[in-house]
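Nothing in this text is a laboratory measurement; each read-out follows from the coordinates by a stated rule. Note that the structure is a prediction, hence the values are computed from the model and not measured. In this analysis, Cβ positions are derived from the backbone assuming ideal geometry, glycine residues included, and neighbour counts consider all displayed protein chains.
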Amino acid sequence: MSLRNSPDPAIRAAVVRQDLDNVLHPIVQHRALEASQAVYVAGQGSTIVDADGTEYLDAMAGLWCVNIGYGRVELAEIAADQMRQLAYYPHTAMNVPAARLAEQIVGMLGGGYHVYFVNSGSEANEAGFKIARQYQKQESPNGYRYKTISRYYAYHGTTMMTLAAGGMGERKAKFEPMGGGEFIHVAQPTCYRCPFKLSYPSCELACVRNMENTILGENPDSVAEVLVEPIMSGVGVAVPPDEYLPEVQALCRKYGILLHVDEVINGFGRTGKLFGHQHYGVEPDIIAMAKGISSAYLPIAATVVRDNVFGSFLGEPAEGRQVGQVNTYGGHAAAAAVASRNIEILLAEKLAERAAENGKYLMDGLKTLMKHPWVGDVRGKGLLQGVELVMDRKTKEPMGNDQVQGVVDFCKKQGVIVGRVRAGRDYQNTITLSPPLVITRAECDRLVETLDKAIAAMGAGLSGRA
Ligand SMILES: Cc1ncc(COP(=O)(O)O)c(C=O)c1O
């Protein structure tokens, strides 16, 4: 916080030098970092502060994760207390905060689940794949259910297997080939850009029929699980029709397939309910959680399994039914203590309800942006929203990469951080918003006003070019 009050250019310069000489950053190009860097040193609520003292409204909550907002000093105290007592012991044993956290999570799901702790969203999905396969092997010893069916343009993580399960071809290109034929993709429910060029409801959920056709074509007896994110974030916040998830669940039940739901972004209040799938009345068999579980105060994540799955892992030790893997840091006591308090805050301050109310307020504001001909669609649930930019509202031709980046950069210059997706050729043109759930209405207004100016400036640039 000291830099916040008295920014010191010498300290900033020293950090930048030290970083450029030594760090390898994810995704960003170092040549670009040499020209311009962000060094964040403090945060409070929905605001983060650069080393030069500039404040930004962070409408992406970091990477869609700081749900309770920045600057919750009490979490530092909780971590310190737990570290003084016992920071860590492997989760083959029990510890106080992890047991409490598991009980809280199961309570938020309405009971009937057990929690396996890991450290990131990718690991949570990876453990989900393995639990699904082990379950199927145990339940049908003569069967061979091992495939995961997921959707094109989904994002499920960065490890080789989660990348393979994801459906973003361009993200995979540098690393292929990966895996065998165990990850099968089906059409995604991106209604604004329906892969079948149909419209809801006359489409009669062609995407679900496509999933069923794929299950049948693959042979249902080879499919272990279907993996879905309730509201697809990375493709530009695609909210499916209300019947989509219940129908996917019905397919799973019909063919003896587990339903694995990715709540890494959707979870912990983000969409206006505690979990995204709770909008749709389904009961997943496996749930991956991360991000909002601790609001990123410490790394922790979880793979949560329904009691039907948990039951398959019970038996005599010699039967070997126990979970067939261990993560060194799984159930880390200090991280669990922080996550537990994070959830107490989330519930006490009714942040899911607040996300629903302020999400609606923000959505109403964003809809006014439709006055610009380049706004094709505004969509979302709670505080997970997207503004899709197009060249032409009729043809839906996606807005160009430079223009979309121009909107993001314009907002940043105005002190507002917004996101954008990069999910493949036709899915690069949505501005994403996923602010801390504590965002105020005044901050929502500022967000809309800034986007309004940014889109107007983009449009002026387009006319100038014409
Ligand atoms: C939907 C979804 N699943 C999984 C992941 C992977 O999480 P992590 O980056 O913590 O490994 C992400 C990350 O953004 C995500 O958005």
Problem set entry | region 234-383 - Debye-derived log10 I(q)/I(0), Cα point model, q = 0.21 Å⁻¹ | -1.35
Problem set entry | Ordering of 69-78, 326-335 by packing [mean C-beta count within 10 Å, highest first] | 326-335, 69-78
For this session: Out of all DSSP beta bridges with both ends in the chain, state the antiparallel percent to the nearest 5.
Result: 65
Exercise. Region 391-466 to region 351-385: how many Å between their Cα centroids?
Worked result: 13
Exercise. Fewest first, what order do Lys147, Lys130 take by the number of other Cβ atoms within 10 Å?
Worked result: Lys130, Lys147
Problem set entry | region 162-211: radius of gyration and largest Cα-Cα distance (Dmax), Å | 13.5, 39
For this session: Report the dimensions of the chain along its three principal axes from the alpha-carbon atoms, largest first, rounded to Å.
Result: 67, 60, 42
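First select every other residue whose beta carbon is under 11 angstrom from the beta carbon of Gly382; then total the charges, Lys and Arg +1, Asp and Glu -1.
Working: positive: Arg270, Lys273, Arg354, Lys360, Lys381; negative: Glu353, Glu357.
Taking every other residue near Gly382 into account, the sum is +3.
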For this session: With an 8 Å cut-off on Cα pairs and a minimum separation of 6 or more residues, tell me the relative contact order of region 73-348 in percent.
Result: 30
Seminar exercise, completed: Taking Cα pairs closer than 8 Å and at least 6 residues apart, the relative contact order of the chain in percent is 20
For this session: Report the extension gain between Asn22 and Thr395 in nm, rounded to one decimal, defined as 0.36 nm multiplied by the number of residues separating them, less their alpha carbon distance.
Result: 129.6 nm
Problem set entry | Pairwise centroid distance, computed over Cα atoms, of region 199-255 with region 47-106, Å | 34
Exercise. With point charges of +1 on the Cβ of Lys and Arg and -1 on the Cβ of Asp and Glu, referenced to the Cα centre of region 1-146, which listed residue (Asn22, Pro7, Met94) lies farthest in the positive direction of the dipole?
Worked result: Met94
Seminar exercise, completed: Placing one equal point scatterer on each C-alpha of region 73-348 and summing with Debye, one gets log10 I(q)/I(0) at q = 0.17 Å⁻¹ equal to -1.39
Problem set entry | Computed [θ] at 222 nm, deg cm²/dmol, the chain (DSSP H ≥ 4; -39,500 (n - 2.57); rounded to nearest 500) | -12500 deg cm²/dmol
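Taking the highest mean first, how do the peptides 52-63, 401-412 order by number of other beta carbon atoms within 10 angstrom per residue?
52-63, 401-412
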